[in-house]
Amino acid sequence: MNPPRRPLDEVYETIPTSQATSEELAAALELLCDGFSQDPLWQAAAATEDAAERREIVKGFMRPRVRMLTPHGFLVRDRATKAIVGHGAITATKKQDGAGDTETVMRKMMAEAHAPTAARFKTLMGQFSALGPIIDEAFARAGVTAFADGGPWLLQAITVSPTLRGVGLGKWIVRKLLEGKSGVFLYTQDEINVGWYEKLGFELVDARRAELPPSDNGLAKSYGNWTMIYYPRQ
């Protein structure tokens, strides 16, 4: 008989990104690169078909992103081994508490990254910005018209060590990020994630495909995007 599974709070702890060591940040960066280099959005956005090159491009974007997500991000650490096993962040759509707003974070990230892919990300930013009215209308239909905490917030950069997927750690991370938030939205480019987020209280408000312009090597890509919102229920 297998022993009962311990509560995740007993096994893992969160570390504010601002308090993490350089070694811990490096470990989180590798986890993000492993996860997002296989993500459908990055497969479309990275101006290459080579998996190893795409991982390096993702790393170039993620390095400044980890730094800029610091005010509202955390790492997940195994209490026993001290290994970094996950990452999560939630960013304000308006400037507050000394933190950059989402658009500023993305622009700074692109300025330090792979130029051809950055050009595609500029297109992506415009496509995501166009979803703003849809998100606002969805919150309004739900009766959420004011955000006392500066929201709505954007959930992003959720990743878990491949060896721990399936144990509930991803849901544990998301629930901690949602605590105390009046309204949160997210974009996912993998339809399989929609049902997963619905179990956490998110609602699907938009689904579409979008085209990206050809890169210098002639690669033209499209991607699917599913937009979801969350708000506390009474």
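If only residues of region 1-18 that are at pLDDT below 95 and in a helix (DSSP H, G or I) are counted, the one that is surrounded by the most Cβ atoms within 10 Å (Cβ to Cβ) is T17. Residues of region 137-161 being over 22 Å from W226 (Cα atoms) and modelled with pLDDT of 95 or more, which ones? S161 - this is the single residue of region 137-161 that is over 22 Å from W226 (Cα atoms) and modelled with pLDDT of 95 or more. Scanning region 165-176 for residues that are in contact with a helix residue (DSSP H, G or I) (Cβ under 9 Å, 6 or more places away or on another chain), at negative phi and open to solvent by 10 Å² or more (accessible area, probe 1.4 Å) gives V167, G170, K171, W172.
Could you say whether any residue in region 111-121 is at pLDDT 95 or above, surrounded by fewer than 19 Cβ atoms within 10 Å (Cβ to Cβ) and among the hydrophobic types (A, V, I, L, M, F, W, C)? No, there is no match, as no residue in region 111-121 is at pLDDT 95 or above, surrounded by fewer than 19 Cβ atoms within 10 Å (Cβ to Cβ) and among the hydrophobic types (A, V, I, L, M, F, W, C). I'm trying to understand the selection: among the residues of region 162-178, which are modelled with pLDDT of 95 or more and among the charged types (D, E, K, R)? Those that are modelled with pLDDT of 95 or more and among the charged types (D, E, K, R): K171, R175, K176.
Taken over region 193-212, the residue count meeting the criterion of being part of a helix (DSSP H, G or I) and under 30 Å from P16 (Cβ atoms) is 5.
For region 62-83, the set of residues classified as modelled with pLDDT under 85, hydrophobic (A, V, I, L, M, F, W, C) and within 26 Å of I192 (Cβ to Cβ) consists of V66, L69, listed by residue number. Residues in region 19-50 that are within 22 Å of L69 (Cα to Cα) and modelled with pLDDT under 85: A45, A46.
Going by the structure shown, is L212 modelled with pLDDT under 95 and open to solvent by less than 20 Å² (accessible area, probe 1.4 Å)? Yes.
Return a yes/no flag: does region 170-177 have any residue that is touching a strand residue (DSSP E or B) at 6+ places or on another chain (Cβ under 8 Å) and basic (K, R). Yes - at least one qualifying residue is present in region 170-177.
For region 84-110, the set of residues classified as of a type in the set (D, E) and either modelled with pLDDT of 75 or more or open to solvent by 40 Å² or more (accessible area, probe 1.4 Å) (or both) consists of D97, E103, listed by residue number. Among the residues of region 46-72, those identified as small (G, A, S) and open to solvent by 10 Å² or more (accessible area, probe 1.4 Å) are A47, A51, A52, G60.
I want to confirm something. Restricting to region 135-164 and keeping residues that are in contact (Cβ under 8 Å) with a residue 40 or more places away in the chain and aromatic (F, W, Y), which single residue is surrounded by the most Cβ atoms within 10 Å (Cβ to Cβ)? Among those that are in contact (Cβ under 8 Å) with a residue 40 or more places away in the chain and aromatic (F, W, Y), it is W153.
The values are calculated or read from the model by the stated rules, or taken from the named source; none is laboratory data. Computed from a predicted structure; not experimentally measured. Ideal geometry is used to build each Cβ from the backbone, glycine not excepted, and the neighbour counts take in all protein chains shown. Heavy atoms of the whole protein, side chains included, go into the accessibility calculation; ligands, DNA and RNA do not. Shrake-Rupley method; radii C 1.70, N 1.55, O 1.52, S 1.80 Å.
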